[in-house]
Amino acid sequence: MKVLDFGVAKMLVDLDGPAGAAALTETGLVIGSAPYMSPEQLEGRKDVDHRADLWSLGVIVYEVLTGALPFAGGSFVTVGAAVLKGTYRPASELQPNLPDAVDDWFARALCLDLDSRFQSAAEMVAAFRALAEATLSSATRPSALVAHTPSMELTATADHPVAASPPAPRRRLWPVALVGVAAVLLVGVGARQMALTRSAASACPSGMARVPGARFRMGSASEADTPSDETTPPGIVNFVSVGAFCLDTTEVTMKTFAECASCDHTARTVDFEGLTPNGRAFESQFCNGPDAPDHPVNCVDWNQAKSYCGTLGKRLPSEAEWELSARGEARRTYAWGDAPPSAERLNACGVECSRMMTARLDTMATGGKGGARNAWPNMYPDDDSAAATAPVGHYPAGASPQGILDLAGNVWEWTASPYCPYPYEEGAECGDSRRVLRGGGWDTTDSQNVRAARRYPSAPAARGKSIGFRCAKSL
């Protein structure tokens with residue numbers, strides 16, 4: 001399918017019905033097809049830009065998925081008034097089998113406020129692709145049933161309340177095909193603008209990816225299994241605005257860290273509060289050395305990480321930047337989407353890690369005689385080919401839509417942010433000197449700890465066998 005134009009057509013014949021007549025351009029005050037025109041176009045404002053086309057694309061996707069227009073009427077004037085009012089029936093209400101998250105996507109696509117709308121075709125496509133992939137993944141489960149997951153709170157442009165409690169699981173079959181069609185439409189139409197934005201991406205140095213700025217909901221909804229530090233007090237929604245920035249596509253490697261002449265390379269041991277001498281000796285055997293140049297640097301503290309990034313004219317990412325990179329506006333569970341962790345997507349503790357850790361702990365405790373402890377647990381029953389750290393970028397199936405790798409597993413990553421309670425406030429200090437780690441490490445056994453929303457506090461002076469970092473750069 002190729003979309004050549006959103007807009008100006010000439011009425012050659014009358015169409016049956018008022019909805020049909022309103023679907024084509026009328027001559028008069030404003031030139032355009034009213035149901036597909038953005039509010040700023042209808043008002044004749046001077047701030048019309050590419051985001052008006054993104055609005056039109058949102059209308060088309062709504063029509064593809066529901067078979068109806070979000071804004072309709074018997075004339076140009078009535079349709080225009082509906083657009084300017086900004087209310088419409090949620091897509092999931094017209095087609096109950098559609099995923100709930102599609103309403104969140106339309107809340108951004110059809111937002112009256114330009115700055116709260118998708119800011120680029122690339123951003124719009126990435127959000128929809130994540131939604132489509134999550135839906136397709138859910139539909140291929142043996143039961144073909146998908147439980148409700150919390151979705152982003154809708155903006156005022158969506159005329160419906162947020163459910164007070166999760167609805168029952170429901171069957172999704174043919175809507176998956178519609179989501180796929182819309183995804184193809186988005187990718188096709190977005191290709192041109194994505195090409196135009198590549199010049200902006202060139203502002204990022206080699207080895208970094210551009211992450212589009214966004215206003216997104218940070219953290220998680222309050223549920224039984226959700227860590228309390230990911231949630232906000234009742235009645236408060238943790239919306240955060242982040243400007244565009246660059247982020248390293250991989251974690252900093254041993255090789256590049258060693259090349260930093262001004263960096264502190266003295267401490268290559270593990271150290272944290274409460275660690276015994278025997279524990280330090282055991283943990284420190286996993287600190288990477290010159291024989292692993294393409295593995296992530298580990299056993300580094302927060303100040304070492306911050307200093308390294310500074311020597312390159314970069315910095316540590318804020319906690320909000322890190323989460324936006326990993327979750328996106330679609331609020332993915334993991335950087336790759338919502339599918340569970342597996343050996344193809346990340347380096348966490350698989351069966352190879354479990355065997356290695358069990359054997360080494362047994363050696364430390366009993367001298368290799370066995371029987372000292374139960375087996376070290378594993379996150380998934382597969383071999384991810386790395387008993388400890390893996391070469392950076394080794395798991396492309398786990399990449400984010402921007403191509404950022406290892407945002408889950410390999411090493412926990414330092415962020416610039418202090419460990420403060422939500423709601424998040426950029427630059428805020430709360431009296432807690434600890435810094436936030438994100439992403440999980442090679443020895444992580446619980447899938448909850450590699451979720452993109454997971455926070456872990458650590459003293460800045462701590463050095464761990466599965467703690468590393470990557471750098472960010474402001475645009």
## Note on the structure
Whole-Å distance linking the alpha carbon centroid of the range 397-475 with that of the range 222-280 is 3 Å
### Query
Tell me, what HN-Hα J-couplings in whole Hz come from the Karplus equation 6.51 cos²θ - 1.76 cosθ + 1.60 at θ = phi - 60° for each residue of the range 316-324, using x for Gly and Pro?
6, x, 6, 4, 5, 4, 4, 5, 4
### Query
What are the semi-axes of the equivalent ellipsoid of the range 312-419, taken as the square roots of 5 times the eigenvalues of the Cα gyration tensor, listed largest first and rounded to whole Å?
31, 17, 12
### Task
With θ set to phi - 60°, apply the Karplus curve 6.51 cos²θ - 1.76 cosθ + 1.60 along the range 41-50 and write out the HN-Hα couplings as whole Hz, x wherever there is a Gly or Pro.
5, 4, 8, x, 6, 8, 9, 5, 8, 4
### Task
Would you pull out the residues with amide H under 5 Å of Arg470's amide H, same chain only if 5 or more places away, H placed 1.01 Å from N?
Val252, Trp414
### Task
Evaluate the distance, in nm, between pseudo-label points positioned 7 Å from the Cα of Glu223 and of Asn97 along their respective Cα→Cβ axes.
2.4 nm
## Note on the structure
Long-range amide H partners of Asn347, meaning residues 5 or more apart or on another chain whose placed amide H is closer than 5 Å, are Asn410
### Query
Counting pairs of alpha carbon atoms under 8 Å apart in space and at least six apart in sequence, what relative contact order in percent does the range 353-441 give?
21 percent
### Query
Hey, which aspartates and glutamates would be in cross-link range of Lys255, C-alpha to C-alpha under 20 Å, not counting anything within fewer than 8 residues on its own chain?
Asp264, Asp291, Asp294, Asp301, Asp406, Glu413
### Query
If you take the alpha carbon radius of gyration of the range 259-389 and divide it by 2.2 N^0.38 Å, what ratio comes out, to two decimals?
1.28
### Message
Under the rule of at least 5 residues apart or a separate chain, name every residue whose amide H is placed under 5 Å from the amide H of Met208.
### Response
Thr249
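No lab work stands behind these numbers, since they all come straight from the coordinates. Computed from a prediction, not measured in an experiment: that's the story for all the values here. Note that each Cβ is placed from the backbone with ideal geometry, even for glycine, and that neighbours are counted across all protein chains shown.
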